[in-house]
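Note sheet for the following structure.
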Amino acid sequence: MTPRIVVSAVCVFSPEGRLLTVRKRGTDRFMHPGGKPEPGETAAEAASRELAEEVGIRVAPDDLELMGFWVAQAANEAGSVIDATVFSAPGVHDPAEISASAEIAELRWLDLDAELPGDLAPLLTDHVIPALESARR
């Protein structure tokens, strides 16, 4: 049986339309801000909390916009899959006001119109970025 990990993640966009990605300490893949829900938390509550803890963006759970639910290979836990609920943070966010904290080692903004780097998490490459591209058409 393949281990499954439940996570919530959030798409955050800059005024130029770039997508925020983060790399957690001790890992080599970039992904959305987000993480595992604490006991009793809804997916939106977990996403809101993780967004504030990891990059300092405060968005109420009810203000997050549901993008979808996907199952993907876990980026940093070999042999596991994630059950990911993905949200979009409303509006745009100034990169100068966002900083890495908690377990985040590095921030990177992706230009979705450029060639994508090879170090992105499968959730991004297999599901979220295709969904964003489809929505832009």
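Between D126 and M1, how high is the FRET efficiency from 1/(1 + (r/R0)^6) when r is the Cβ-Cβ distance and R₀ = 35 Å? Nearest 0.05. Computed FRET efficiency for D126 and M1: 0.95. Given R0 = 25 Å, the distance between the Cβ atoms of E16 and A102 translates into a calculated FRET efficiency of 0.45. With the Kirkwood sum run over all distinct C-alpha pairs, the chain has a hydrodynamic radius of 14.9 Å.
Using the per-residue mean of other Cβ atoms lying within 10 Å as a proxy for protection, in what order, highest first, do the peptides 32-40, 99-107 fall?
Averaged packing, sorted descending, gives the order 32-40, 99-107.
Taking every DSSP beta bridge with both residues inside the chain, roughly what % is antiparallel (nearest 5)? Roughly 70 percent of the beta bridges in the chain run antiparallel, per DSSP. Here the 3J(HN,Hα) profile of the range 15-29, calculated from phi with Karplus coefficients 6.51, -1.76 and 1.60 at θ = phi - 60°, is x, 7, x, 7, 9, 6, 10, 10, 10, 7, 3, x, 10, 10, 10 Hz, Gly and Pro shown as x.
Values in this text are rule-based calculations from the coordinates and carry no lab data. Note that the structure is predicted; figures quoted are calculated from it, not measured. Counting neighbours? That spans all protein chains shown, and the Cβs are built from the backbone with ideal geometry, glycine included.
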